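Read through the structure below, which is laid out as structure tokens, and then see the notes.
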Amino acid sequence: MIVLGIDPGTTRIGYGAIESSGSSLRHITSGILELTPKETDGERLDEIRTSLERLLLHIHPEKVGVERLFFSKNKKTALSVAEARGVLVATVVHNKIPLFELSPNEVKLAVTGNGASKKNEVAKMVSLLLHMDVSHLLDDATDALAIAIASSNKRLG
């Protein structure tokens, strides 16, 4: 089963795709959807939609995990991320792909066994579980792979 994990953001969105077969996990692809500066929020949100549409057509995931928002001190940033996340969720649903929404703590717990793990601990476990070096990846891509790993264990209904 191909699982896509998405780490929402305002200027870049992390993505990571894995193949899950029983207890075996394999890295397919990962990276960043870089968003170009736009004059309006609507243009930025449309770019998110079209970028994700292209990614979905390329990867053909059988399910998608998207990280839920966590509390943010910066309300303006939180609102922008919430808008981006809304477009991501709507695009996945529009494409009729099963969607799983996970909190950061759920992802950490699924990957490391500890919901309070630090970023470097999550990255180390992603590296071990996928048998790959993640040191060259941006945090957004590593987080997206962790979301994919955590989503691979989720069942519908």
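FYI, it's all coordinate maths here, none of it is from the lab. Note that the structure is predicted; figures quoted are calculated from it, not measured. Cβ atoms come from the backbone with ideal geometry, glycine included; neighbour counts cover every protein chain shown.
Quick notes
- Distance from the alpha carbon centroid of the stretch 66-105 to that of the stretch 21-36 works out to 18 angstrom.
- In the stretch 36-67, the trypsin sites (Lys or Arg not before Pro) that fall in loop regions by DSSP, at most 15 other Cβ within 10 Å: Lys38
- Judged by the mean number of other Cβ atoms found within 10 Å, the most tightly packed of the peptides 140-152, 101-113 leads the ranking 140-152, 101-113.
- Ranked packing of 2-10, 90-98, most packed first, by mean Cβ within 10 Å: 2-10, 90-98
- P(r), alpha carbons of the stretch 45-130 - 10 Å bins starting at zero, rounded %: 16, 37, 38, 9
- Among the lysines of the stretch 59-157, pairs that are 8 or more positions apart or on different chains and have alpha carbons within less than 27 Å of each other number 24.
- DSSP bridge orientation in the chain - percent antiparallel, rounded to nearest 5: 65 percent
- For the chain, the mean residue ellipticity at 222 nm estimated from helices alone is -15500 deg cm²/dmol, where every DSSP H run of n ≥ 4 contributes -39500 (n - 2.57) and the total is divided by all residues, rounded to the nearest 500.
- Calculated P(r) of the stretch 101-157 - Cα pairs past 20 Å, %: 16 percent
- Entry for mean projected area of the Cα convex hull in nm² (calculated from the structure that is shown) out of [x] 9.0; [y] 10.0; [z] 11.2: [x]
- Charges were assigned to the Cβ only: +1 to each Lys and Arg, -1 to each Asp and Glu. The resulting dipole of the stretch 25-121 about its Cα centre is roughly 340 debye.
- Taken along its principal axes, the alpha carbon cloud of the stretch 1-87 reaches lengths of 43, 27, 17 Å, longest axis first.
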